[in-house]
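Have a look at the structure below, then the notes.
Quick note: the coordinates plus some simple rules give every number you see, no bench work behind them. What you see is a predicted model, and the numbers here were worked out from it, not measured in a lab. With ideal geometry, Cβ positions are generated from the backbone for all residues, glycine too; neighbour counts draw on all protein chains shown.
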Amino acid sequence: MAHNHQQRPSGPPPPEPYEGPPALPLECPPGDDYPIELFSLLESEEMMRKHGFVMEPLTMADLKGKARCKDCNQSMFNLTKDLRRQQKLRRANPIPPPPKRSWDPFPTILMPKGKGRYDSTECAVKCSSHPGTMDRATRCFTCCHVHVTEAKPCVNSHVHELRNYAPGELIRIHQYHYTPAVHTKSLEFRAAVAIDCEMGTAISGDSELIRLTAIDYLTGEVLINNLVQPDQHMLHLNTKFSGVTFLQLNEAKRKKTSLRGKAGAREALWRFVGPHTALVGHGLNNDLRALKWIHPTVIDSYMVEHRIVQTKKKADKEAAEAAAAATTETSAEDLAEQILDLELSPQIESQPKQKRTKGTGDLALKTLMKKYINRDIQTQGNKGHDSFEDALAARDLVHWMVLRRLAEKEALAV
């Protein structure tokens with residue numbers, strides 16, 4: 001299926017080879033201060049949970065919630081998550097608001113058991129889909145002939161039918177795995193390793209790992225920089241963000257230079273990463289989710305900066321409240337004058353909020369690298385990111401953060 005995708009004329013141009021700074025050994029001050037400061041940035045389990053890290057394997061109920069409807073592609077979890085609230089609402093209000101005289105029955109999910117038999121359960125969401133396919137020439141659906149950018153699902157049903165998954169398939173695709181304490185093929189566990197992943201979208205709608213980079217934090221040695229053969233058939237590779245094309249993926253498979261799925265990527269990492277190895281990155285919860293990996297030891301430049309920003313906001317708020325409390329009360333004359341000024345001033349219409357480009361927020365890696373290190377990254381536009389560039393940038397950003405903290409402590413000691 002995927003072998004025709006690289007020939008699409010409307011697809012993004014192929015990415016260009018990385019031409020940024022090389023991964024050189026870090027210049028660290030002598031003594032123990034640097035490693036102590038580096039490892040002081042390790043995140044607690046509580047903070048990791050708050051930032052969306054998965055900290056234990058999925059239960060069987062969690063895994064069943066990953067199963068998707070074969071028509072609308074919604075997961076069982078999304079179909080049923082609002083069911084209890086809606087059931088409670090109906091119990092409290094047996095008669096719906098007019099003009100309805102009675103509530104519609106809840107939609108049904110059919111779950112295949114084999115040999116044409118099904119279990120069924122209620123859910124909260126109707127099945128809405130396009131029964132046709134997308135015409136690649138016109139980018140319109142063959143069922144309703146509406147362009148993909150404007151087309152709403154043209155068929156609605158009260159019945160969902162889950163895909164018929166092979167035994168163990170949901171576990172293979174979705175289960176999370178702890179870092180092993182010992183690995184039979186371990187070359188040598190490193191003190192710290194910087195990583196970055198790129199993801200595409202499977203036909204199922206799931207996010208799939210397609211590229212992995214790992215760099216030794218201290219030495220700059222490139223440990224892994226490989227494409228990953230996805231575990232599912234792919235809808236698209238998100239090339240404008242991932243930088244990966246089907247042509248590259250197929251070529252890597254032919255040359256046997258790609259890693260075999262998420263399991264192969266984890267195995268490659270576990271040759272260098274033990275439970276006490278610090279994983280370094282930016283938004284590491286996304287990378288670990290892509291790898292289906294549970295690792296307790298992380299230094300995340302996003303979380304470090306987020307904490308600084310939140311601390312400053314809290315301090316600014318407290319200072320503003322203190323200043324307001326200390327301000328003398330406004331006199332009646334001053335208040336009347338302020339109201340008159342407002343009435344006489346020209347009214348400015350509020351402007352619509354601009355949609356922000358992905359990866360350009362105040363805490364984005366691209367933004368922080370420019371702000372603190374004056375390095376431009378992710379400059380290839382719709383040719384996509386480079387996981388090597390991003391892993392190296394995250395490493396260099398954390399290094400800068402450690403040096404900043406050491407300098408602040410030294411200044412306080414003077």
TODO: Find how many whole Å separate the alpha carbon centroid of segment 104-145 from the alpha carbon centroid of segment 262-323.
DONE: 38 Å
TODO: When you have a sec, figure out the Kirkwood radius of segment 23-118 from all distinct Cα pair distances and drop it here in Å to one decimal?
DONE: 19.4 Å
- [ ] Please report the Cα spread of segment 62-171 along all three principal axes, rounded to whole Å, starting with the longest.
- [x] 51, 41, 24
Open item on the list: Which entries of K255/K292; K292/K366; K81/K370; K126/K253; K126/K240 have Cα-Cα distances beyond 30 Å here?
Closed with: K81/K370; K126/K253; K126/K240
Task: Segments 62-74, 386-398, 200-212 sorted - mean Cβ within 10 Å per residue, highest first - done: 386-398, 200-212, 62-74
TODO: Rounding to the nearest 20 debye, state how big the charge dipole of segment 41-134 is about its Cα centre with +1 on each Lys and Arg Cβ and -1 on each Asp and Glu Cβ.
DONE: 580 debye
Task: Rounded to the nearest 20 debye, dipole of segment 92-213 from Cβ charges on Lys, Arg, Asp, Glu - done: 300 debye
Open item on the list: Below 18 Å, Cα to Cα, which lysines can K371 reach? Residues fewer than 8 away in the same chain don't count.
Closed with: K312, K358
Task: Rg(Cα)/(2.2 N^0.38 Å) for segment 184-295, N = residue count - done: 1.04
TODO: For segment 262-329, report the translational diffusion coefficient in µm²/s to the nearest whole number, using Stokes-Einstein at 25 °C, 0.890 mPa s, and a Kirkwood Rh over Cα pairs.
DONE: 164 µm²/s
- [ ] Taking only Cα atoms and a 10 Å spring cutoff, compute GNM fluctuations for the chain and point out the largest among N226, N286, N156.
- [x] N156
Open item on the list: Over 13 Å apart: what share of the alpha carbon pairs of segment 108-167 falls there, rounded to a whole percent?
Closed with: 67 percent
Open item on the list: A 21 angstrom limit on the alpha carbon distance is what I want to check against. Which of K113/K262; K50/K262; K50/K317; K64/K113 exceed it?
Closed with: K113/K262; K50/K262; K50/K317
Open item on the list: Treating only the Cα positions of the chain as identical point scatterers, give the base-10 log of I(q)/I(0) from the Debye formula at each q in 0.10 Å⁻¹.
Closed with: -0.90
TODO: Choose one answer from P99, P29, P230: the residue with the largest mean-square fluctuation in a GNM of the chain with alpha-carbon springs under 10 Å.
DONE: P99
Open item on the list: Looking at the chain as a GNM with Cα springs under 10 Å, which of V193, V298, V182 has the largest mean-square fluctuation?
Closed with: V182
- [ ] Mind running the shape call on segment 194-247? Use the C-alpha gyration tensor, a ≥ b ≥ c as the square roots of the eigenvalues: rounded below 1.5 for a/c, prolate if a/b tops b/c, oblate otherwise.
- [x] prolate
Open item on the list: With the cut-off at 1.5 for a/c, could you classify segment 233-288 from its C-alpha gyration tensor as rounded, prolate or oblate?
Closed with: oblate
Task: Helix-only mean residue ellipticity at 222 nm for the chain, each DSSP H run of n ≥ 4 adding -39500 (n - 2.57), per residue, nearest 500 - done: -10000 deg cm²/dmol
Task: Selection of GluC sites (Glu not before Pro), segment 140-194, meeting DSSP coil and at most 13 other Cβ within 10 Å - done: E150, E188
